[in-house]
1. Assess whether residue 71 counts as being over 28 Å from residue 140 (Cα atoms), at pLDDT below 85, touching a helix residue (DSSP H, G or I) at 6+ places or on another chain (Cβ under 6 Å) and crowded, with 19+ Cβ neighbours inside 10 Å.
2. Mind telling me which of the residues 161, 181 ends up being under 21 Å from the mean Cα position of the chain (by Cα) and at pLDDT 90 or above?
3. Can you tell me how many residues in region 159-185 are more than 16 Å from residue 121 (Cβ to Cβ) and touching a residue at least 24 places away in the same chain (Cβ under 8 Å)?
4. Go through (1) modelled with pLDDT of 90 or more; (2) crowded, with 21+ Cβ neighbours inside 10 Å; (3) in a helix (DSSP H, G or I) for residue 156 and report which single condition fails.
5. For residues that are crowded, with 22+ Cβ neighbours inside 10 Å and closer than 14 Å to residue 161 by Cβ, scanning just region 126-144, find the one that is nearest to the chain's Cα centre (by Cα).
6. Quick one: count up the residues across region 131-153 that are over 18 Å from residue 172 (Cβ atoms) and assigned to a helix (DSSP H, G or I).
7. What number of residues within region 167-179 satisfy the criterion of being surrounded by fewer than 20 Cβ atoms within 10 Å (Cβ to Cβ) and within 18 Å of residue 193 (Cβ to Cβ)?
8. Report those helices (runs of 4 or more DSSP H) wholly inside region 7-62 carrying at least 1 residues which are surrounded by 14 or more Cβ atoms within 10 Å (Cβ to Cβ), modelled with pLDDT under 90 and in contact with a helix residue (DSSP H, G or I) (Cβ under 9 Å, 6 or more places away or on another chain).
């Protein structure tokens, strides 16, 4: 590019880093980052976000955490990054089949991002609800909706309600599923295919459970 009189800028390097990340080429992504720095081009929030995402996709979560700390040390503020980092952390725990204690791990990440002044968004909170569901801590899952979402001005969406329904089914509380579905509709959310399927299944499983207790 330089031979043609074209000077790569920050946007160019960010795109290259993202492309290498998508193909799980972490070494190339980091080499591009080093080249960017050698050219005297400083990283922006997009750069940091992309690098952390690359590390998480490659399974190098310690490296992602180091970058996250380095970003904070440099005074870079990026609320979305905190939320995405939390989500990826939760997904990593699930992929590693460490479902026991998953919700506590998620809460720890939420506390860290909160201490850094980062407010959780709907994506992060829905992930937290799912983490509580995985741990069969349904009361806490509903508390996220009532407490964290309300405190942070986040309105539940269809995914929120569907995740709550799934959490109830996981602990055999089928009879409570219709109430959550109704609340979803009343809130103005359009139930997705999964939510409708769970609503149809709830009465059948409730009857089966009653017969098994006779």
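The values are calculated or read from the model by the stated rules, or taken from the named source; none is laboratory data. Small disclaimer: the values here were computed from a predicted structure and weren't measured. Methodologically, a virtual Cβ is constructed for each residue, glycine included, from the backbone with ideal geometry; neighbour enumeration extends over all protein chains shown.
1. In short, yes.
2. Only one candidate passes the filter, namely 161.
3. Residues meeting the conditions: 17.
4. Going through the list (1) modelled with pLDDT of 90 or more; (2) crowded, with 21+ Cβ neighbours inside 10 Å; (3) in a helix (DSSP H, G or I), residue 156 breaks only (3).
5. Taking the candidates together, the pick is 126.
6. 10
7. 2
8. Ranges flagged: 10-22, 45-57.
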